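Read-outs: derived from the displayed coordinates by stated rules, not from any lab. Since this is a predicted model, take the numbers as computed values, not measurements. Cβ placement follows ideal geometry from the backbone for every residue including glycine, while neighbour counts extend to all protein chains displayed.
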């Protein structure tokens, strides 16, 4: 049975694990890759592709709770569009 943490608790645990344990190990050599962190164990999967990292994490810890972070960046990705000024 999966641990029943709230989404905010998962994020807090994941951010803490990354900041305290993984950032010193991963940055800057692995910048740009995605780390999928098991928030119960602190173990992680790392890959340039977030889907690949997540699939490996699910295979290793089928009942795990995960937090994803792009190494060296404030977010894994972005949503939205960037509008450029119209040129005449």
When the label point is put 7 Å from the Cα of residue 9 along its Cα-to-beta-carbon vector, which residues of the range 29-51 have a backbone N closer than 16 Å? 39-42
May I ask for the Rg/Rh ratio of the range 5-47, computed from Cα atoms with Rh as the Kirkwood radius, given to two decimals? 0.97
